[in-house]
Structures are given as C-alpha cells and as structure tokens.
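First up is the structure itself, then whatever we jot down about it.
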Amino acid sequence: MRQAGRSLPEYRAIRERASMFEVMRDPALTTEVTLQPVRRLGVDAAILFSDIVAPLAAIGVDVDIKPGVGPVFGQPVRTMADLAQLRRLDADADMPWVAQAVRLLVAELGDIPLIGFAGAPFTVASYLVEGGPSREYARTKALMRTEPALWRAMLDTLADISLASLRAQVIAGASAIQVFDSWAGTLSAADYEHYVLPSTRRIFEGLIDLNVPRIHFGVGTGELLRLMGIAGADVVGVDWRVPIDEARRRVGAGKAVQGNLDPVLCLAGWDVVEPAAREVLAAAGDAPGHIFNLGHGVLPDTDPDTLKRLVDLVHTSA
Ligand code: CP3
C-alpha cells in the first residue's frame with residue numbers, strides 16, 4: 001500500500017524539496033523514506049519506496065505523479081500503434097537506482113524484511129488507457145471487450161515489465177514481493193478470470209524460481225479473492241469489506257491472507273481503532289497465515305501516534 005510514509009512529517013519534509021521521481025531515482029533518498037515508517041512505527045517489514053508506474057517512466061513513457069491525483073499519462077495507450085510506447089524493461093540498465101536502493105536498504109534493515117512490489121497488468125493498464133485515475137474505467141472496459149487481441153497484448157506486455165522489475169528487486173535482496181491490482185475490484189469475477197487473470201499469472205509464475213513469498217492485493221475484491229489466489233499468490237490481501245475469517249474461506253486452503261483494518265478508521269482516533277483492530281485479530285484467530293495490515297493505504301492526515309499504537313497492539317496481541 002501507499003503506506004505510512006505520507007502521513008509522516010519527516011516524509012513531507014523530503015517531498016518539499018524533491019518530487020516523487022527525484023526521490024525514487026536517488027538511492028539514498030529512497031532508502032531514507034523507506035526506513036522512516038520502520039523507525040517511527042516499528043512495523044515488521046519495509047516496503048520499497050517506488051510507485052507502480054516507475055517501470056513505465058524508466059522505459060520512457062510520459063507519466064507524471066500528480067499530488068492528490070495520482071499517475072497521469074501524456075499519451076494514453078488505446079491502439080496497437082500506441083502500444084509501441086511500451087518496450088521491454090531491462091531493469092539493470094533502465095532503472096539501476098532500484099537495485100542500488102534495495103542493496104542499501106537490505107544492509108540497513110538487518111533482520112527486517114524488505115518487500116518489493118509492482119503493479120498488476122490490469123491496474124497499470126487502467127491508468128494507461130484512461131490517461132489517469134478513473135472512477136468508472138469506461139475506456140478500459142470498452143477496450144477490453146472490443147479489442148481483445150490488443151488488450152491481451154497490452155496486459156502481457158505490462159506483465160513482462162512488472163515481472164522484470166520484480167525479479168530485479170528480489171535479485172538485489174528483497175525478501176518478498178507484492179503485486180498491486182488495486183482497481184481489479186471494478187471487474188466481475190467472470191471478466192477478471194477471462195481478461196485479467198492469465199496475464200497476472202505470468203508474473204507469479206515468472207517468480208517461482210526465486211522462491212520468495214508473493215502477495216497479491218486489490219481493493220473491493222471480495223468476489224475475486226479465490227481467483228486472485230489461483231493467479232498464483234501465496235498471500236491474498238483483503239480490504240475491510242469482507243471479514244478476514246470469511247476472506248480466508250474464500251481464498252481457500254494453503255494460502256495466507258493479509259489485512260484488513262479500514263484505514264479510514266485510523267483518522268477517527270485510538271478509541272475507534274483499538275476495538276476495530278481487536279475485531280480483526282479475533283476474526284483471524286490463532287491459526288497461522290495471517291498478516292495484520294490495513295485494508296488499503298494510510299491516508300495522509302492520519303496521526304502517526306495512532307499508527308504506532310496500532311503496531312504495538314498487534315505485537316502485544318500476537
Ligand atoms: O507508501 C509507500 O511509501 C510505499 C511505496 C508506494 C507508493 N505507491 C508511493 C507513493 C507504493 C507501494 C505505491 C503503490 C501504488 N501507486 C498503488 C498500489 C497500491 C495502492 O495504494 O492501491 C497505486 C494504485 C499507485 C498509483 C498512485 N501513486 C496513486 C493513486 C497515488 C496517489 C496520489 C495522492 O497523492 O493521493 C500515487 C502517489 C504516491 N505514490 C504517493 C506515495 C507515497 C503519495 C504521496 C506523495 O505524493 O508524496
């Protein structure tokens with residue numbers, strides 16, 4: 001998730017003098033902002049500071065990350081000809097700062113694992129096709145159904161780009177990876193299975209030989225949880241809409257679940273967070289295979305002290 005960093009004053013201080021991409025392309029700055037939430041909150045893992053559109057920027061796609069908005073593309077991809085914007089990613093040559101940052105981080109983190117990540121093909125495609133964030137995904141869904149060959153080519157290309165980025169992060173030392181299909185929940189299960197799952201599976205299968213835990217996350221994916229596991233993940237992330245015990249049943253045996261406190265509750269203060277967090281822990285029970293997390297990213301106005309108390313509560317309840 002876009003997680004703890006953006007609620008921290010020390011993060012904002014860095015962002016006042018450096019843009020998102022400036023932070024990402026500077027391994028020392030990336031290391032610093034990745035460590036900030038670990039230092040301040042005592043979380044059990046760090047997530048690399050980057051963005052799901054970073055690999056596209058690295059291959060020369062015209063993309064900006066607008067504060068308060070998200071990724072915005074200069075030339076949306078809507079035809080076979082547009083697809084030529086997407087060439088293969090050679091992570092070592094195109095984004096050497098990523099492996100450099102991972103190596104610095106692994107040295108600093110010691111026993112604390114670093115999670116690498118990438119965007120899933122559908123969510124990245126939704127930004128590319130719409131040109132930016134969207135509510136309805138109208139162009140994306142239209143293209144998916146009217147031009148299935150173009151759609152498949154686009155998603156497979158995006159899968160290969162994300163896979164190349166993930167492999168580079170793991171080879172540099174990341175000890176787990178997370179694939180974000182944040183907006184897959186806009187699809188029916190049938191459409192997800194037909195139009196999206198095969199491309200996402202390419203990513204998970206392409207990581208098997210590296211032998212790291214693979215997490216698959218989306219928002220509003222209650223109806224997709226089983227399929228998201230089938231796509232090849234070891235862990236399926238769940239937002240707050242489905243109780244974690246029910247999510248476990250939907251995901252099925254042999255996989256772990258991650259989640260699922262509503263991050264909005266963290267704005268309401270500790271008296272609201274504490275009982276809600278205890279409910280998640282109770283629903284998860286004592287069986288292994290639950291990673292406590294928020295159901296989506298931390299909101300920027302969240303009080304870091306509330307997050308710190310939440311981490312402490314989870315640690316003392318475990
Ligand atoms: O939070 C972290 O430090 C982890 C690194 C991280 C970022 N983006 C940095 C970031 C991660 C894991 C992401 C993933 C990401 N990026 C996703 C998938 C996860 C999710 O939250 O659903 C998505 C959909 C994006 C695309 C994106 N980037 C959006 C929608 C936005 C929000 C725009 C806003 O300002 O609300 C971004 C910007 C972004 N990426 C921020 C951070 C910390 C916002 C803070 C800033 O502008 O400095």
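Could you give the length gained on full extension between Ser175 and Asp245, defined as 0.36 nm per residue of separation minus the Cα-Cα distance, in nm?
22.5 nm
Could you tell me the calculated FRET efficiency between Asp301 and Gln75, based on Cβ-Cβ distance and R0 = 35 angstrom, to the nearest 0.05?
0.55
Report the normalised scattering of the stretch 98-182 as log10 I(q)/I(0) at q = 0.13, 0.14 Å⁻¹, calculated by the Debye formula with identical scatterers on the alpha carbons.
With no solvent term, the Cα-only Debye profile gives -0.51, -0.57.
So what is the 222 nm mean residue ellipticity for the chain from helices alone, if each DSSP H run of at least 4 adds -39500 (n - 2.57) and you divide by all residues, rounding to the nearest 500 deg cm²/dmol?
The helix-only estimate for the chain comes to -14000 deg cm²/dmol at 222 nm.
Give, as ranges by residue number, the residues of the stretch 53-85 whose backbone N falls under 20 Å from the point 7 Å along Cα→Cβ of Thr146.
75-84
Using 0.36 nm times the number of residues separating Asp286 and Ala189, minus their current alpha carbon distance, what extension gain do you get?
Length difference between fully extended and current span is 31.9 nm.
Please give, to one decimal in nm, the separation of the simple spin-label points placed at Glu223 and Ala153, each 7 Å out from Cα toward the Cβ.
The two pseudo-label positions are separated by 3.0 nm.
Ratio of the chain's C-alpha Rg to 2.2 N^0.38 Å, to two decimals?
0.95
Looking at the chain, send over the antiparallel percent of its DSSP beta bridges, to the nearest 5.
Approximately 15 percent, going by the DSSP bridge assignments.
What does the accessible area of Thr316 come to, in Å² to the nearest 10, when a probe of 1.4 Å is used?
110 Å²
Want the number for Arg39 to Arg15: 0.36 nm per residue separation, take away the alpha-carbon distance, what's left?
Extra length from Arg39 to Arg15 when fully extended: 6.8 nm.
How big is the gap, in Å, between the Cα center of the stretch 135-154 and the Cα center of the stretch 37-79?
So the two Cα centres are separated by 22 Å.
The values are calculated or read from the model by the stated rules, or taken from the named source; none is laboratory data. The model shown is predicted, which means the values in this text are computed figures rather than measured ones. Methodologically, a virtual Cβ is constructed for each residue, glycine included, from the backbone with ideal geometry; neighbour enumeration extends over all protein chains shown. These accessible areas exclude ligands, DNA and RNA; they are computed on the full protein's heavy atoms, side chains included. Shrake-Rupley method; radii C 1.70, N 1.55, O 1.52, S 1.80 Å.
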